[in-house]
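Below you'll find the structure, written out as C-alpha cells, and then a few comments.
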Amino acid sequence: RLTRANRLLFRLAREKTRQLEWKFVWTRDGTILVRREHREPAKRIRSENDFEKIIYSFVIQFIKDKYLSLGLLNPGSLGNKHDEFVVAMMRHPVEIMAINETWLREGGEARAPVLPGYRLRHAPRDSAGSGGGRDRGGGVGFYLKRGVNARLIAHPQAPIDQMWLSLTLNGLKLAIGTAYRPPWQNVDTFLDALTESVTSLHAFDYIVLTGDFNIDLLELNAPKTKKLLDFLKCAGLDQYVTVPTHFTDHSETLIDLLCSNIKITDIDVDHIPDLSRHSLISCKLRIKKDKPVPKWIVYRPMLSG
C-alpha cells in the first residue's frame, strides 16, 4: 500500500510518463516503477529528483539515435487485431510507420488502433479512385510519432492508392511516400502513376517510396518484375529488402518494398503470423535528424507524508 507521499508521487509519475511518452507506470509492494518500452528495464521512482535523471537519459538516448526510423506494414485492414498491432509497434517503435490496406473509408478513423504517442494520417480507399469496382481492401496511411513534423504533399491525380509526406531534416527536404497495388490492378497503370508522382518531387533532396506492390522481386525474370526494376532505375531509387515479406501456406514472396535514393540501414523484416501474412519492416534512413531541444518542466515541491 502506498503512503500519502507516494500516492502524490505516483500521480506525478503518471503525468510525467505521459509527457515523456513512456508506456508503463505501476506499483509493486509500495514501490513506484516506470518503463518506456515493453522490453526495457524498469526504473524505480523514489523522489521528484529521479525524474530529472530519467529526462536526462531519455534526451541523451534520443540524441544518440540520430537517424530517422521508418516502417512498413500491410495489416490487411486496420479494423481488427488491434492488440497485436499495438504490441508489434512496441517491438518496433519507429517514428514513421507506413500502412497499406487500411480498409478505412472517409471518417472511419475510429476503426483504427489508437497508438499512444502517435497520430494517424490516411488517404481513404475511395479517395484515390482505385476501387475499380472492388468492395474490399485498399487505403494507405501513416502513423506519425509525436514530434515528427511532416506535411502532406499533393500528388498528381491517379487511380492508385498513394500518399506522400514532406519533412525537412537539417535543411534537407525529404519526401516519403507509400503506395499499394492490389493484385488485380494493371502494372503499367500503377507504375505510370508513380512515375508521375516521383517526377513531381524534383524540388526534394531525397525520396523514399515504400509499399506492397504485389510484384514478387524473387521472380527476376517475370515481366512485372522487369517493369518494376526499370521504373526504379529510371527514378534513381534502390530497393533494399532482400528476403520474403509475404507468407501463405504455399508460398513466400518479396512484395513489400523499401525504395530510396538515401542509404537505408538496420533493416528488420519481422513476420508476426498473429498480426498479418505480411512482415513488419523497419529501418533507419541515413539522414540526420535535427537535434532535439530538451523541454524541462518544473513542479512545485510536494507535501511530505
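The numbers here are math on the coordinates, done by the rules we state, and not lab data. A quick note: this is a predicted structure, and the numbers were derived from the prediction, not measured. All Cβ positions, glycine included, derive from the backbone under ideal geometry; neighbour counts span all protein chains shown.
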Amide H of Gly108: which non-local residues (sequence gap of 5 or more, or other chain) have their own amide H closer than 5 Å, using H built in the peptide plane?
none
Which distance in nm do the two modelled labels at His250 and Asn170 give, with both placed 7 Å along the Cα-to-Cβ direction?
4.9 nm
Over 29 Å, how big is the tail of the calculated P(r) for region 67-288, in percent of all Cα pairs?
18 percent
Give a quick list of trypsin sites (Lys or Arg not before Pro) in region 145-205 that DSSP marks as loop, anything other than H, G, I, E or B, with at most 12 other Cβ atoms within 10 Å.
Arg146
Could you work out the local net charge near His250, counting Lys and Arg as +1, Asp and Glu as -1, over the other residues with Cβ closer than 14 Å to its Cβ?
-2
Amide H within-cut-off set for Thr245, under 5 Å, with H built and near neighbours excluded:
Thr253, Leu254, Ile255, Asp256
